[in-house]
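Down below is the structure, laid out as structure tokens.
The values are calculated or read from the model by the stated rules, or taken from the named source; none is laboratory data. Owing to the predicted nature of the structure, the values given are computational and were not obtained by experimental measurement. In this analysis, Cβ positions are derived from the backbone assuming ideal geometry, glycine residues included, and neighbour counts consider all displayed protein chains.
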Amino acid sequence: MNSLIIEYRNPLFGIFTIFLVIFISSFLTYAYNIYIERKSRKEYRNFIRKFELGDLKEDDYISLYTTYNLPFDSIILLASSFLHKGEYNKAISVYQALLLHVKEFVKKEELLELLGKTYFKGGFLQRSKEVYLKILKFSPRNKQALFYLLFIYEKLKDYDKVEDIMESLDELEEDIRMDKTYIRTLAIIDSVTLSPEEKTNKLLTIFHTNNLIERLFLQFLLKYNKDFFWQNIHLFTLNKIIDLLWYIDYNTINFTIVEQNKFLKSLYSAKGYIQDNTASELFELSVLISTKNSTLNVDLDLNFYFICSKCKKITPIHDNRCPHCHSILALQVKSQLSKGYYEKNSSLQ
Ligand SMILES: [Zn+2]
């Protein structure tokens, strides 16, 4: 026992012990650092792999921003891939999560704009409205917020609110003359106090000064005032509404007037409602007329799609505003031949 105490008190032994402790602790720190480095390298590799596969989750975008310091604009660009794939909910989660981490005012505003736009695209009009109203509270001259609120109130048929927004856009010197005519037309069509005749007269007055509203006017007439349509057919460019005329109820067609109109004659002989051999200026109608008059058993039909005259994008369904660039009444109808109903169904079996 005594000898141990003597050994312990030996100064050389003390120095040796201190060095040993320092060595062990340095070794442990070194080993721990290697472990952490390997672990983060592995995480990073997994992350990059996910990135290559385009399989990033919402949380990964936050890691990219907070841990890997990827620039804000690059993250936004990456998140837009969700939008292109139509995965609106995922894009919304990314923007919402980023909003909690971003501190700069400009970035917050940009994120809110993206959030509002995505809600709008996804059809969540109320949410989109809330986001844009929030933006206007601190940035009342934000044009994107004003325009999107205009689109939203228009879809919700709240025309008084649309007027307020148009006033603000007017003050910001935006050219909204077309919007004003268009909204006035919609307000007349959707009015609950005006009779169909009163509506017709008001719409006719607008149409005489601005034929931009032609399709809207014709859509209204074909629904609520067919007599006026047939009696005033000379006022309209009928090939612009070939799709509406193609699907019109057979019993409501005035065939006396059809007989006097070259375009309608070829349209309804192509449809098989009347017999007429005159070739049409429209290739698709001519093909349909010749197959109807031949003995060949070809079942062809007509289909329609729409091209925006402003952004040139194609959409299968008509809308008053282009779903891509929001231009008013810019979608132009195009016809194409397709397999007929019976042939299409038999080919499915
Ligand atoms: Zn467009």
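Of the residues that make up the range 291-301, is at least one within 10 Å of the ligand (Cβ to nearest atom), assigned by TED's automatic domain parsing to the domain that holds THR256 and among the polar types (S, T, N, Q)? Full working, then the answer.
Filtering the range 291-301 for residues within 10 Å of the ligand (Cβ to nearest atom) gives none.
No: the range 291-301 contains no residue that is within 10 Å of the ligand (Cβ to nearest atom), assigned by TED's automatic domain parsing to the domain that holds THR256 and among the polar types (S, T, N, Q).
Residues that are near the ligand (Cβ under 10 Å from one of its atoms) and not in a helix (DSSP H, G or I): does the range 331-340 have at least one?
Let us first name the residues in the range 331-340 that are near the ligand (Cβ under 10 Å from one of its atoms), namely 331.
Add one more test, that the residue is not in a helix (DSSP H, G or I), and what stays is 331.
Yes, some residue in the range 331-340 is near the ligand (Cβ under 10 Å from one of its atoms) and not in a helix (DSSP H, G or I).
Restricting attention to the range 310-330, the residues being more than 8 Å from the ligand (Cβ to nearest atom) and surrounded by 14 or more Cβ atoms within 10 Å (Cβ to Cβ) number 6. Checking each residue in the range 110-126 for being crowded, with 17+ Cβ neighbours inside 10 Å and basic (Lys, Arg) picks out only LYS117.
Picking from LEU244, LEU288, which residue would you name as being more than 16 Å from the ligand (Cβ to nearest atom), aliphatic (A, V, I, L, M) and within 24 Å of LEU204 (Cα to Cα)?
LEU244
Taken over the range 308-322, the criterion of being touching a residue at least 12 places away in the same chain (Cβ under 8 Å) and under 17 Å from GLN336 (Cα atoms) is satisfied by CYS308, LYS313, THR315, HIS318. Restricting the range 188-208 to residues that are in contact (Cβ under 8 Å) with a residue 12 or more places away in the chain and of a type in the set (Val, Ile, Thr), the residue that is nearest to PHE229 (Cα to Cα) is THR200.
Of the helices (runs of 4 or more DSSP H) lying entirely inside the range 1-106, the ones with 2 or more residues being more than 30 Å from THR118 (Cα to Cα) and modelled with pLDDT of 80 or more are found at 11-52. Residues in the range 300-307: is at least one without any contact (Cβ under 8 Å) to a residue 12 or more places away in the chain and surrounded by fewer than 17 Cβ atoms within 10 Å (Cβ to Cβ)? No, that holds for no residue.
Between SER191, SER168, which is assigned to a helix (DSSP H, G or I) and either touching a Gly at 6+ places or on another chain (Cβ under 7 Å) or among the hydroxyl-bearing types (Ser, Thr, Tyr) (or both)?
On the way: SER191 fails: assigned to a helix (DSSP H, G or I).
After applying the criteria, what remains is SER168.
Under the condition of being of a type in the set (A, V, I, L, M) and surrounded by fewer than 17 Cβ atoms within 10 Å (Cβ to Cβ), the residues counted in the range 79-96 number 0.
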